[in-house]
Structure formats: C-alpha cells, structure tokens
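Structure record follows, encoded as structure tokens.
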C-alpha cells in the first residue's frame, strides 16, 4: 500500500481481490477514532440467539466465506497526514472466540491482526462486535445476518438471500460502499446544535474492562398495546419511559438546581434518503424534558416525545442536520489542518460540549426481518451500544417476531435508571423478564 495521502472518495465498483483500494472514512466515522482511548473504543455489539448450540468450527468457516463480501469490514485503519482511512486487510483472521463476560472491550487498532470486528459464540448465541468507524448498526446487522445464513447453510439448511442477507458470491454494489452523507447534504442552511448542558448521571465508575449489562425481554404485542393507550408508537413510548426514569433518578439526588434530561437517539437516514450503504448513515436527534418548567406527568412526557418526533424526524430537518455535519468536510482550511490538530480540537469539543448534551443514549433498530426460511432457526436478537464515553448508561431496543429486547449497557455500578425504567413498564402492565451479567435489583 502506498503511503500517499488519501484525498478522494472511491466511486468505482470495488473488486474483492484488489490490493490498491482504500476507503476514506465516512462523515460520522471520522469522529470515532479521534475519541479512542486506552480504556475506550466506539464498539457496538449485535447478537443472534439460535435454537441450537453453535459449532465454532463451522462458524469460523462461515466467517471466512462471508467477510470478503463486505470489503469495508475486512479492513485495517491507517493514519495519513490529514485524514485516517481504511485499507484492505489480508492478514489471517478474524478468528471466532468463545464469548466473554464483559462485551465491547476496547478495540485497539493494532491488535487482532488489525481487524476492527470480533465474532464470539456461546451456547446458542453468535455475537458480532464492530468498531463504529466501519459502519452503523444497519451495516453490522447485514453482516451478522449474512454470516448466520451462511452458517446455517453449512449445517444443511438452505437459506434464500433477501433483506439483510446478501449473496456472498456476488460483487458488492458500489452503493454499499459510499459515504451517503456527502450525497444528501444539500440543504441551504446549517441548523445549530443544542448547546445547553444536561443532567449527568452520578454513579460509581467501574474499572474500564467492566461493562454492566441488563436486558429486559418482553412481548412486542404487550408493549404495542400499552403504547397505543398513550397514543404513541413503541419508539415514542420507550423514549418517554427512559426520560421518566432519568427524571426519577435526578429527583432522588441532591441538586442545587435541576437540569434538563435529554436522550441522544440515532436516526437511520436510510428511511428517508435512498441508500444501500453499509457504512454509517445515521444522525442524532435529542428528545428532552426540562423539569425546571414544572413537574411532568408521564402522559405529558409521552405527548411531548410524540410531538417532538413528528416535528424533527422528517426529510427536511434531517437534511439540514447532515448538512451542518458535512460543512467541516467542505471547509478548505479544516481539510488542510494536520490530523493531530484535528484530533485535539474534535476531542476537546466532544469532551467539553457534545458529550454533555445528553443524559443517556437510546437506539432502536426496530422490528427485524429475516428470510422466511431462516425464521425457524432463530430465537431472538440483541443489540448493545457498548461502553459509554463517560459515566452513564446507554439503551438499545430491537425486536424479532413477538420478542422485544431492551438492552442497557452501563459503565457505572448503580442500576437506578434501569430499575426506574423496567418498573414503569411493569406498572403499565408489561411483563418483563430480566437477564444480566451482574447482580442487581430491578
């Protein structure tokens, strides 16, 4: 690989055997390596639970067959003078491993033969961990479902590719490899970001290698029934429950003054802008409640979230949001600043401003679909946002058939937010089964 600085985005179809291909990081991905620390990496986990125990040897064979179909995941990250970039990784691996107690461990760029993904197995579960600079949850889910389909095929179960399951014997569509942000950042105005500091969860920070997991498993139909009673969708209702839990947590602490509680929620832009990209294509919205305005009943929180979603989550507002993000890449002065200066500025801004703009994170992948002939072999899916950048908790939601899972990942000892969250669901009549990798009282 030449040491020349990467300058232009690749637009031509990429063959899997080419050695001279590189990929410039997409608009979102440029931030994640900058935030990398010895004790933190932007890593998320997707899991599928099958109905039979996993054969690790066959899983490794399936991974070896599947990964070349995803060239932007079979890569190593490199550092140029002005930008980081991804180049094809031809080293041995990655190798499947038996699962560990604390998922989403920091992913150092030179470890694991420079691969930025990990694949784990435990009993009936297959888990994929990926660094966020490769892609978002949609791209990761596409890789996980394709891997699972190939694995089931090796077991003798024929799976017809569709949806998230791709054909591994075909060349990647060029659209799968694009930085879709730059295609759709076309607004004539750049809306400002929320700047006010929010309530921050207080808690005892765990050692960096510890990620506390609390899973709530429930019925989609039960949650939908309750959400409809409040005149909301499942996403709006669960957002309201998390805001309620954060308000309860803040109210139970000593404060000289209250602060707003705000959720950082990724929105999948593929819902609004046609794109096949398997890279990052999300933006953030921030539903919030300000307790300084008065005490909110839960019904009021749901109504507020419902109206917020209707107002902000649409093509026009989202186009303006990604145009604001893309402005930095269009700025000539920023482009010619050396990488180490960019890193310093971005890291300082994120630590002092961006990370303080939200009290918790929540992502919802929605209702997953798989090929019809694959359903019989799958029990459920899970998603974890990974280790938070600061002392807080992150929440991720995913559903398959009638099973909805809410997965909390936290870097603090206390589980107050999780307790308030699940107790509210139970009070509303939702039956919740709790699983965790720690001892906690919900």
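Points to keep in mind about this one:
Results for (1) out of contact with any helix residue (DSSP H, G or I) (no Cβ under 9 Å at 6 or more places or on another chain); (2) crowded, with 23+ Cβ neighbours inside 10 Å; (3) at pLDDT 95 or above, shown as yes or no for each residue.
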| site | (1), (2), (3) |
| --- | --- |
| 124 | yes, no, yes |
| 133 | yes, yes, yes |
| 138 | no, no, yes |
| 145 | no, yes, yes |
| 151 | no, yes, yes |
| 154 | no, no, yes |
| 163 | no, no, no |
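Yes/no per residue for (1) touching a residue at least 12 places away in the same chain (Cβ under 8 Å); (2) more than 27 Å from residue 31 (Cα to Cα); (3) assigned by TED's automatic domain parsing to the domain that holds residue 43:
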| residue | (1), (2), (3) |
| --- | --- |
| 92 | yes, yes, yes |
| 100 | yes, yes, yes |
| 116 | yes, no, yes |
| 121 | yes, yes, yes |
| 124 | yes, yes, yes |
| 130 | yes, no, yes |
| 150 | yes, yes, yes |
| 161 | yes, yes, yes |
| 191 | yes, no, no |
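- Reported count of residues in the range 200-211, each being surrounded by 15 or more Cβ atoms within 10 Å (Cβ to Cβ) and within 22 Å of the chain's Cα centre (by Cα), is 6.
- For beta carbons closer than 8 Å, sequence separation of 6+ or different chains, a first residue in the range 339-366 that is at pLDDT below 85 and a second that is in a helix (DSSP H, G or I) and surrounded by fewer than 16 Cβ atoms within 10 Å (Cβ to Cβ), the qualifying pairs are 342/334.
- Candidate set from the range 48-65 (those that are touching a helix residue (DSSP H, G or I) at 6+ places or on another chain (Cβ under 8 Å) and in a strand (DSSP E or B)); member that is farthest from residue 405 (Cα to Cα): 50
- Residues that are modelled with pLDDT of 95 or more and touching a helix residue (DSSP H, G or I) at 6+ places or on another chain (Cβ under 9 Å) number at least 3 in the following strands (runs of 3 or more DSSP E) confined to the range 376-439: 378-384, 393-400, 403-410.
- Across the range 66-84, the number of residues qualifying as modelled with pLDDT of 95 or more and either more than 30 Å from residue 207 (Cβ to Cβ) or in a loop (DSSP other than H, G, I, E, B) (or both) comes to 10.
- Residues that are over 18 Å from residue 283 (Cα atoms), in contact with a helix residue (DSSP H, G or I) (Cβ under 7 Å, 6 or more places away or on another chain) and modelled with pLDDT of 90 or more within the range 173-201 comprise 198, 199, listed in sequence order.
- If you check 160, 138, 186, 198 for being part of a loop (DSSP other than H, G, I, E, B) and within 19 Å of residue 273 (Cα to Cα), only one passes: 186.
- Of the residues examined, residue 364 is not one that is part of a helix (DSSP H, G or I) and surrounded by 16 or more Cβ atoms within 10 Å (Cβ to Cβ).
- Hey, residue 186 over 16 Å from the mean Cα position of the chain (by Cα) and surrounded by 22 or more Cβ atoms within 10 Å (Cβ to Cβ) or not: no
The values are calculated or read from the model by the stated rules, or taken from the named source; none is laboratory data. This is a predicted model, so every value here is computed, not measured. Here Cβ is always computed from backbone atoms with ideal geometry, including for glycine, and neighbour counts include all displayed protein chains.
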